[in-house]
Amino acid sequence: MYKFSQLNQLIKTFIKNFFLVFLMCGLVAISNNCSSSKIEKIENKFSSGNNNTSNVSSSNNNLIQDTNINEKNGAYMVPEYNSSEKNRGGHETYANKYLIASQNAYASEVGIKIFKKGGNIFDAAVAISFVLAVTRPQSTGLGGGGFMLYYTPKMKEPMALDFREKAPILATEDMFVSKNGKTLKSKSLDTIFAVAIPGMVAGLMEIHKKHGRLSREVVLAPAIKIAEEGFDVYEHLALSIEKRQEILKLYESSREIFFKSNATGEQQPLRVGDKFIQKDLAKTLRAISKNGRDGFYKGWVAKAIVDQSRVLEGLITKKDLDLYEVKYRRAVSGTFKNYKVYSMSPPSSGGTHIIQMLNMLEADDLRAMGIHSATAINLMASSMQLVFADRAKYMGDSDFVKVPLEGLLSKKYALELRKKILKDKALLQDNVVPGEPSLFEKESAETNHFTIMDKDGNVITTTQTVNGPLGSGVIVKGTGVLLNNEMNDFTAKLGGSNLFGAIGGANNMIAAQKRPLSSMSPTIVFKDKRPIFALGTAAGTRILTCVAQTILNYLEFGLPLYEAVAAVRFHQQWYPDELRIDGPYLPVDTIESLKSMGHKINYEDLDCRIQAVAKENRGREGGREGRESILHGVSDPRSEGLALGE
């Protein structure tokens with residue numbers, strides 16, 4: 001049985017309570033049928049619930065003052081995880097041949113074993129993805145999807161692989177709006193209607209077929225073994241099950257996997273230390289191992305998915321599964337000083353907005369201001385507000401709507417946006433409006449992350465997800481497949497917000513076979529035409545701001561990689577109008593300066609879990625400059641991840 005050989009550190013922070021838990025349809029019926037009228041009644045029942053975290057309690061204020069912060073020369077703030085050079089709990093490592101940074105120790109260890117079996121970086125990525133589908137059901141799985149950015153030295157530039165989920169053929173624009181015009185949030189989160197057509201298996205099989213070296217049987221064997229033998233429930237998984245237990249209880253197959261009987265025969269959610277076994281999922285993985293893509297989208301697994309949807313009166317049909325296709329897309333790109341930055345293109349908004357932010361801030365001497373100075377934070381937060389306004393108006397699935405990418409990525413457009421930002425004053429929410437990128441166009445167009453890099457310059461960075469913690473909560477009977485709730489990422493109603501509070505626009509309205517907007521941002525940075533830095537993270541809309549900050553921490557502020565990843569982060573997404581600051585927060589005088597500029601402060605875990613690998617040149621005395629090239633990886637110390645290499 002696989003063991004966490006290097007997992008020395010418990011999770012330091014609790015997962016964000018992404019949304020209210022909605023009781024659905026009263027007591028669980030055997031058929032689990034749930035009519036629209038019942039859903040509306042549930043929405044009405046919980047409409048008075050308060051999920052607003054904008055007000056900070058006095059206990060939080062005390063926490064800022066009492067939190068132990070590692071401050072070096074007053075330059076930057078790094079939480080006290082295992083931050084000493086000699087004890088970082090497996091979150092940082094160096095390697096010569098290949099290096100993996102992932103959110104799970106099983107996954108990183110399996111990736112190394114695949115390399116040792118003679119596999120290449122693509123074999124390792126596929127094996128890691130399937131292991132994560134087993135070990136991190138709260139954030140990814142066969143019932144989800146994702147994006148991948150990859151590069152080999154034979155390529156002119158990185159390629160983007162889109163295996164994002166798609167809306168069912170029967171999906172309609174108003175499917176999450178009641179007759180009274182009210183948005184039915186729980187219907188888009190906690191029911192079979194929340195499920196978009198999964199793309200995970202199609203994406204992984206596509207990349208393996210095209211670039212893999214080892215057989216499917218070898219690559220999937222570790223995931224099958226872990227699913228069959230099980231592993232001990234860890235804290236993050238236990239917390240997710242506890243948060244979602246009222247929804248999971250509604251579905252028989254979900255109860256069978258995520259609950260156990262106590263001494264009195266009462267069903268209770270699995271807890272830390274309980275054995276988590278997924279024999280049905282192992283059967284599904286064996287079908288994929290034998291038949292590839294067809295093992296999921298055809299045959300008994302496909303029939304089970306369609307049957308489950310029919311029992312729950314959902315929309316998924318056999319034709320939906322037959323029509324699913326993976327898309328190869330050109331990565332968005334831009335320059336930042338001496339670097340070339342590549343990231344994910346639509347239907348993800350993340351890459352575009354990361355480059356927008358870098359463009360806006362490029363002329364500012366952020367390093368001279370100081371990484372966590374109030375002035376630098378204000379500039380960066382204001383740039384975040386502006387890109388989120390553009391996100392709401394312009395971003396969507398470019399196969400369905402025109403996205404003005406050239407304008408959004410233009411340096412001249414960024415300069416126009418930069419004129420709106422003041423150094424010593426926050427942007428007022430009401431004064432932030434989408435820009436006009438079309439003027440700069442020419443007439444012509446609980447996520448999960450891991451990053452791998454090898455000595456030859458091959459790079460894979462990929463973000464995968466089922467959207468919210470444990471997705472829709474629906475497990476397909478007999479398959480172990482937990483289905484996503486990605487339909488919530490569409491705009492249900494103009495001006496409405498999704499699970500992460502992001503405002504939706506017309507370009508992201510629901511349509512049959514359309515892919516919902518995302519913020520996933522797998523990113524690769526080049527210098528002198530060679531990849532030197534790759535990263536990404538989970539965290540919904542916070543993904544793009546956390547990735548942008550880590551890039552700035554490493555390239556602009558010059559922090560060592562571990563500190564660049566571990567440093568305190570912040571987030572501003574226009575709506576809600578608040579500056580969210582990650583624990584252990586910032587010094588009181590900085591907070592007071594930000595408040596005086598007009599920022600409304602909210603303290604919370606942003607849930608970003610950066611997985612980064614850099615290729616650095618190290619001399620005898622260390623540092624980034626020198627003759628010896630070495631791989632340097634960091635798995636965010638906020639999580640149970642592991643950086644591992646050889």
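The values are calculated or read from the model by the stated rules, or taken from the named source; none is laboratory data. This is a predicted model, so every value here is computed, not measured. Cβ sites come from the backbone with ideal geometry, for glycine too, and all protein chains shown count toward neighbours. We work out accessible area using only protein heavy atoms, side chains counted, and drop any ligands, DNA or RNA first. Shrake-Rupley method; radii C 1.70, N 1.55, O 1.52, S 1.80 Å.
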query = Efficiency by 1/(1 + (r/R0)^6): what FRET value for E256 and E646, r their Cβ-Cβ distance, R0 = 56 Å, to the nearest 0.05?
reply = 0.90
ask   = Which value does Rg/Rh take for segment 498-646 over its C-alpha atoms, Rh per Kirkwood?
value = 1.03
ask   = Which of the listed residues, G435, I460, G478, is farthest toward the dipole's positive end in segment 435-484, when Lys, Arg count +1 and Asp, Glu count -1 at the beta-carbon?
value = G478
request  = Give me the percent of the accessible area of segment 304-351 that comes from carbon and sulfur atoms, probe 1.4 Å, all protein chains in place.
outcome  = 49
Relative contact order of segment 306-408, pairs being alpha-carbon contacts under 8 Å that are 6 or more residues apart, as % = 21
query = What lysines could a cross-link reach from K179, if we take a straight Cα to Cα line under 16 Å and drop same-chain neighbours fewer than 8 places away?
reply = K38, K41, K187, K493
request  = Heads up, I need the accessible area for K210: 1.4 angstrom probe, whole protein in place, Å², nearest 10.
outcome  = 120
inquiry  = Using just the Cα positions, wrap segment 355-402 in a convex hull and report its mean projected area in square nanometres, one decimal place.
reply    = 3.8
inquiry  = For segment 557-617, what does the relative contact order come out to in percent, with C-alpha contacts under 8 Å and a separation of six or more?
reply    = 33
task = Counting only heavy atoms of the protein chains, get the accessible area per residue of segment 457-531 (1.4 Å probe) and round it to a whole Å² value.
result = 22
task = Using label points projected 7 Å from each Cα along Cα→Cβ, tell me how many nm separate D589 and N431, to one decimal.
result = 2.7
query = Among all the aspartates and glutamates, which ones have a C-alpha under 13 Å from K185's C-alpha, if same-chain residues fewer than 8 places away are not counted?
reply = E40, E43, D174, E486, D489
key: Probe 1.4 Å, all protein chains present, accessible-area order of E362, E165, largest first   = E362, E165
key: Which listed pairs, of K166/K402; K117/K303; K340/K412, have C-alpha distances above 23 Å, in listed order   = K117/K303
remark   = Expected vector for segment 387-396, Karplus 3J(HN,Hα) from phi with 6.51, -1.76, 1.60 and θ = phi - 60°, integer Hz, x for Gly and Pro, equals 6, 5, 5, 5, 4, 4, 8, 10, 8, x
query = Excluding K529 itself, what net charge comes from residues whose Cβ is under 10 Å from its Cβ, given Lys and Arg +1 and Asp and Glu -1?
reply = +2
message = Take M155 and I169, extend 7 Å from each Cα along the Cα→Cβ direction, and tell me the distance between the two endpoints in nm.
response = 3.3
inquiry  = Quick check: convex hull over the Cα atoms of segment 144-255, volume per residue in Å³, rounded to an integer?
reply    = 196
Cut-off 15 Å between beta-carbons: net charge of the residues surrounding I354, Lys and Arg +1, Asp and Glu -1 = +3
request  = Sort R255, R542, R310 from largest to smallest accessible area, using a 1.4 Å probe on the heavy atoms of the protein chains.
outcome  = R310, R255, R542
ask   = With all protein chains present, how much of the accessible area of segment 148-302 (probe radius 1.4 Å) comes from carbon and sulfur, to the nearest whole percent?
value = 49
key: Rounded FRET efficiency, nearest 0.05, which uses the C-beta distance separating A506 from R618 and R0 of 56 Å   = 0.65
ask   = Per the 1.4 Å probe, what fraction of the accessible area of segment 491-646, in percent, lies on carbon and sulfur atoms?
value = 48
request  = Please calculate how many Å² of accessible area segment 293-379 carries per residue, with a 1.4 Å probe and no DNA, RNA or ligand atoms counted.
outcome  = 36
message = Under a Cβ-only charge scheme (Lys and Arg +1, Asp and Glu -1), can you give me the dipole magnitude of segment 96-218 about the Cα centre, in debye to the nearest 20?
response = 280
request  = Starting from the coordinates of the alpha-carbon atoms of segment 135-188, obtain the Kirkwood hydrodynamic radius over all distinct pairs and give the value in Å to one decimal.
outcome  = 14.9
task = State in Å² the accessible area per residue of segment 542-646; use a 1.4 Å probe, count heavy atoms of protein chains only, and round to the nearest integer.
result = 28
ask   = Distance in nm between label sites at T183 and A363, each 7 Å beyond Cα in the beta-carbon direction?
value = 3.6
request  = Place a +1 charge on the Cβ of each Lys and Arg in segment 228-317 and a -1 charge on the Cβ of each Asp and Glu, then give the dipole magnitude about the Cα centre in debye, rounded to the nearest 20.
outcome  = 380
query = Ranked highest first by average number of other Cβ atoms within 10 Å, how do 398-405, 197-204, 243-250 line up?
reply = 197-204, 243-250, 398-405
